[in-house]
1. So what J values fall out for segment A:33-48 if you push phi through Karplus, 6.51 cos²θ - 1.76 cosθ + 1.60 with θ = phi - 60°, rounded to Hz, Gly and Pro as x?
2. Nearest 10 degrees is fine. How inclined is helix A:243-252 to the longest principal axis of chain A, computing both from alpha carbons?
3. Across 10 Å bins from the origin, how do the percents of Cα pairs in segment B:1-67 run, short distances first?
4. Sorted by packing (mean other beta-carbon atoms within 10 Å per residue), highest first, where do A:203-209, A:513-519 land?
5. Under 5 Å between amide H atoms, partner at least 5 residues away or on a different chain: which partners does A:G332 have, H built in plane at 1.01 Å?
6. What are the ³J(HN,Hα) couplings of segment A:63-77, residue after residue, when phi is run through the Karplus curve with 6.51, -1.76, 1.60 and θ = phi - 60°? Round to Hz, x for glycine and proline.
7. Other chains' Cβ within 10 Å of B:232-240 residues: what's the mean?
8. Using a 1.4 angstrom probe on protein heavy atoms only, which residues from segment A:68-82 are buried by at least 10 Å² of accessible area when all chains are present rather than their own chain alone?
Amino acid sequence: MSLLSVETLSLAIRAEPILRDVSFEIGAGEVFGLVGESGSGKSMTALALMQLLPDGARAEGAARFGGRDLLSLGERAMCGLRGNEIGMIFQEPMTALNPVQTVGDQVAETLIVHGAADRAGAAAAARDRLARVGLPAERFPLSRYPHELSGGQRQRVCIAMAVALRPKLLIADEPTTALDVTTQAQILDLLKGLVAEEGMSLMLITHDLAVVSGMADHVAVMQDGRIVEAAATETLFRRRAHPYTDRLFAATAHVPERHGAPRETPLLDVRGAVRDYALPGTRLFGAAPTFRAVDGVSFTLHAGESLGLVGESGCGKSTLTRAILGLEDLQGGRITLDGATVHAGRRMPATLRRKMQVVFQDPFGSFNPRHRVARLVAEPFHLLDHAPEDRDDRIAGALEAVGLSPADGARYIHEFSGGQRQRIAIARALIIRPKLIVLDEAVSALDVSIRAQILDLLADLQGRFGLSYLFISHDLTVVRAITDRVLVMKAGEIVEEGRTETVFDAPAHPYTRQLIAAAPAIPAHWTEDRHGTG
Amino acid sequence: MLRFAISRLVSLGLSLIVASLVIFAVIEGVPGDPAAFMLGLNADPAAVAALREELGLGGSLPARYLDWIGGMLRGDFGISYTYRVPVADLVAARLWVSLPLAAYALALSTAIAFPVGLIAAARRGTAVDAGIMGATQLGIAVPNFWFAMLLVLVFAIQLRLFSAGGFPGWDEGIWINVKALTLPAVALALPQASILARVMRSSVLETLGQDYIRTARAKGLTRRQAVFRHALRNAMIPVLTIIGLQFSFLLAGAIIIENVFFLPGLGRLIFQGITQRDLVVVESVVMLLVFAVITVNFLVDLAYAAVDPRLRRRR
């Protein structure tokens with residue numbers, strides 16, 4: 001008998017349909033995976049079950065849970081149910097906790113609001129649950145505040161909060177998307193362990209097919225508010241009956257076709273780069289202690305080459321990137337681009353700066369919303385000695401190169417989707433024909449199908465314009481797909497460097513091995529048989 | 001927390017020194033003779049010389065600055081040229097009116113603004129919210145002296161509940177003075193409460209949109225519990241900032257209301273000092289107000305740290 005049975009759930013927000021006839025079942029002790037791209041309605045499905053929908057949303061259908069219909073329960077009954085019988089965790093652990101309350105109090109609150117324990121009892125239970133999720137009180141006192149914990153630790157606190165009353169169902173909405181691969185592996189392990197030990201059911205919402213393949217018993221694929229395919233996990237992965245499922249698979253494993261080979265000329269050369277940060281002083285006077293974010297990094301990027309830089313958050317890759325871009329000075333070592341030394345600040349001449357452009361992760365925050373696209377794309381022109389005569393033609397050319405139309409130049413950035421914005425960012429980088437483009441997590445925020453298109457675009461542009469890429473990412477799959485060589489960075493140092501296939505197939509450093517092992521992967525034999533291409 | 005307080009205290013001291021230098025430079029260091037300025041264009045040269053002597057303008061600038069600072073530290077602010085009494089006594093008497101008035105007005109404004117702002121936020125988009133927003137708009141737009149006169153007309157002249165103005169003095173008992181300060185405090189509090197309520201509303205609304213509120217709801221808290229246990233404290237930071245600014249303003253900025261109600265407050269003192277060119281009074285009162293503003297900011301900083309643990313460790 002199933003624990004939760006959702007029947008023809010439909011949802012509209014202000015008359016705009018969001019979900020259409022969504023039906024699925026989750027058995028007791030089962031892990032159910034709900035997969036889809038952004039906007040497919042997977043989070044809304046979860047929020048509808050919790051009755052935590054935004055204002056103006058209307059849900060129809062039924063969701064039977066222990067003999068009741070979740071959709072028709074009153075607010076009072078729902079408050080008794082949330083956190084008690086159904087727990088929920090969310091994607092962004094950095095903001096999911098109240099910053100002004102201790103973690104102990106926040107976990108204990110779950111018990112207190114449901115009247116399950118008095119203050120002392122709730123504190124004891126909080127201690128117990130935090131220890132269960134890997135935060136023992138000896139090392140992580142209950143009096144810690146969220147800002148004193150890392151992202152992974154905060155997600156553990158959220159889990160402790162959600163499972164404090166041993167709910168029958170835990171809904172996890174992209175629980176590991178914001179986390180590093182090794183942390184992701186630990187959190188997924190923890191969730192698996194809780195399901196096994198407590199007989200809890202888990203509804204796992206994710207965009208990541210690999211994550212779901214290692215976790216779920218059953219999977220449903222969502223597109224545009226509908227479930228297009230649902231089956232036992234292995235069956236679904238092998239069969240891929242619906243074209244969308246198949247497309248999703250192809251996009252996940254997409255390897256762009258690349259032309260042109262790297263030349264032997266060094267373009268970017270980093271020698272013994274050291275970058276120290278001042279830490280907040282512990283004493284009122286005296287020298288502040290420093291933190292070495294980049295510790296003696298050396299590497300060379302050749303003309304026409306695509307070089308990957310992988311590492312987890314805090315490893316120093318962003319700091320190194322800023323130094324390469326000439327945004328911050330080094331405390332030791334030297335960075336040269338095309339033979340000239342890179343310095344931060346005014347001392348870096350425009351002639352040097354124009355050889356290097358950057359595309360950042362956030363397709364929403366890296367544009368001035370009040371400028372038209374043509375002006376945004378033309379921004380790097382100020383690095384030229386005088387404005388080009390064929391300014392408009394070059395803007396049109398750059399937009400066409402990234403698959404947009406010249407007419408798009410007259411529009412504003414909010415009129416474009418995330419993938420289109422990233423194309424505009426690439427057009428902006430491309431317009432003064434730099435030699436090097438630094439791609440700082442440039443495809444990390446994109447859905448897999450969009451990501452595949454952008455990777456194709458990057459590969460195509462590299463072939464056409466002889467560009468070099470420094471591709472910085474935490475996503476090993478993407479780095480593997482697009483780079484010739486890869487650097488693995490850990491705690492400010494490069495621990496391994498080599499040809500991409502070599503590093504991935506036969507990692508030499510223990511840390512690289514750990515990273516690759518932690519990265520979730522779809523079992524190879526599940527995907528090889530059907531289409532032959534995989 | 002202690003280290004935070006000490007470091008804030010150090011910056012408070014530094015701000016005071018800088019402020020005193022600026023005030024001194026503006027009033028005494030500017031070209032021209034302060035004594036001649038105070039006595040006006042047609043002054044008798046002998047009188048000017050006598051005043052120079054009295055003000056101690058003979059010495060060098062650094063010596064005069066140290067004299068001035070040293071005097072203030074001992075509680076000696078000099079003698080007012082127009083009133084012929086020690087400025088310290090003058091200021092103390094005025095402070096006993098202005099400080100209670102400011103505190104009274106601020107207490108009223110906070111007491112009104114908190115619940116009103118909270119209700120507007122909780123009922124966002126409803127008629128209640130619209131009504132509150134309209135009323136606060138009006139509260140900001142209406143000149144407070146006009147509102148003060150309205151209060152006098154209704155409560156003093158028609159209903160005869162309060163006196164129309166004047167201040168009996170604290171020797172006469174507490175109640176009668178509180179009563180005398182009530183109408184001015186209400187008049188002062190109205191625009192302040194309107195501003196504060198709007199800040200409160202938007203701050204609470206912003207925190208209600210945060211992820212941790214969704215987490216709290218997923219834990220089983222009701223809407224109301226989520227507001228009181230999680231949103232309120234997080235919404236306090238901008239509200240505290242405004243409260244700090246308002247107190248500083250109320251202390252010296254009540255001059256119009258003081259005039260409407262014939263209250264012998266600081267605002268009137270500084271106004272009279274300026275019109276009568278009594279630089280000794282102006283200099284001292286300005287320094288005192290700077291001191292009050294900086295102290296209030298220090299207290300607001302401490303309040304931030306009490307509300308938000310992330311600020312306690314700030315360098």
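The values are calculated or read from the model by the stated rules, or taken from the named source; none is laboratory data. Since this is a predicted model, take the numbers as computed values, not measurements. Quick reminder, even Gly has a Cβ in these numbers, built from the backbone with ideal geometry, and neighbours come from all protein chains shown. Calculation scope for accessible area: heavy atoms of the full protein, side chains included, ligands and nucleic acids excluded. Shrake-Rupley method; radii C 1.70, N 1.55, O 1.52, S 1.80 Å.
1. The phi angles translate into x, 10, 10, x, 8, 5, x, 7, x, 6, 5, 4, 4, 5, 5, 5 Hz.
2. 50 degrees
3. All Cα pairs, binned at 10 Å, distribute as 18, 35, 22, 14, 9, 3 percent.
4. Descending mean neighbour count gives A:203-209, A:513-519.
5. Here the answer is A:V274, since their amide H atoms fall under 5 Å of that of A:G332.
6. Once θ is set to phi - 60°, the couplings for segment A:63-77 become 9, 7, 9, x, x, 10, 9, 4, 6, 10, 6, x, 4, 4, 5 Hz.
7. What the average comes to for B:232-240 is 1.
8. Buried by the other chains: A:E75, A:C79, A:R82.
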